[in-house]
Amino acid sequence: MFSGIKIPATGSVKNDADTTGRSLLEFRINLYGATTKLRYDNVCATCEKREGKRKGTPSLVDFKTASDMISPKDGKIRLDFVFCCYPRHHGLGDDEYM
Ligand SMILES: [Zn+2]
């Protein structure tokens, strides 16, 4: 039985939780281009300049949570996040959607 999920400690995640002895699921979001189907792992150079001023490695998705460990409330896990960069920024042919 899992007691929650562990998310990547992106720039807006305030605390590294003590996960000792906890059984957690690892949560990841992978971003793919709608046109090219390429997987993007890093922000573009422009967004890196902006995001690089904050702590940690700039990531494509920034989680807006107090901790990198999220426990269920009323049987649900709720996660807020923002996109920090978009596939079309990379100029590799992803012009669909954003
Ligand atoms: Zn970008």
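The values are calculated or read from the model by the stated rules, or taken from the named source; none is laboratory data. Keep in mind it's a predicted model, so treat the numbers as computed, not measured. FYI the Cβ positions are ideal-geometry reconstructions off the backbone, even for glycines, and counts take in every protein chain you see.
Out of the residues in region 79-90 meeting the condition of being near the ligand (Cβ under 8 Å from one of its atoms) and of a type in the set (A, V, I, L, M, F, W, C), tell me which one is surrounded by the fewest Cβ atoms within 10 Å (Cβ to Cβ).
Of region 79-90, the ones near the ligand (Cβ under 8 Å from one of its atoms) are 84-86, 89-90.
Now restrict to residues that are of a type in the set (A, V, I, L, M, F, W, C): 84-85.
Numbers: C84: 20, C85: 23.
Going through the qualifying residues, I end up with C84.
Candidates in region 43-74 are the residues that are among the hydrophobic types (A, V, I, L, M, F, W, C) and assigned to a loop (DSSP other than H, G, I, E, B); of these, the one that is surrounded by the fewest Cβ atoms within 10 Å (Cβ to Cβ) is A66. Considering L79, L92, which residue is assigned to a loop (DSSP other than H, G, I, E, B) and touching a Leu at 6+ places or on another chain (Cβ under 8 Å)? Within the list L79, L92, the selection yields L92. Of all residues in region 32-78, which are among the small types (G, A, S), modelled with pLDDT of 90 or more and away from the ligand (no atom under 13 Å from the Cβ)? If the condition is that a residue be among the small types (G, A, S), modelled with pLDDT of 90 or more and away from the ligand (no atom under 13 Å from the Cβ), then A34, A66, S67, S71, G75 are the ones that fit.
I'd like to verify a number: residues in region 27-42 that are in contact with a strand residue (DSSP E or B) (Cβ under 9 Å, 6 or more places away or on another chain) and either assigned to a loop (DSSP other than H, G, I, E, B) or exposed (fewer than 13 other Cβ atoms within 10 Å of the Cβ) (or both), how many? Give the derivation first.
Step one: of region 27-42, the residues in contact with a strand residue (DSSP E or B) (Cβ under 9 Å, 6 or more places away or on another chain) are 27, 29-33, 38-41.
Now drop any that are not either assigned to a loop (DSSP other than H, G, I, E, B) or exposed (fewer than 13 other Cβ atoms within 10 Å of the Cβ) (or both), which leaves 27, 29-30, 32-33, 38-39, 41.
Adding up the residues that qualify gives 8.
Contact annotation: residue pairs with Cβ atoms under 6 Å, 6 or more positions apart or on different chains, pairing a residue in region 56-67 that is closer than 18 Å to P87 by Cα with a partner that is of a type in the set (S, T, N, Q), are S59/T10; D62/T10; D62/S12.
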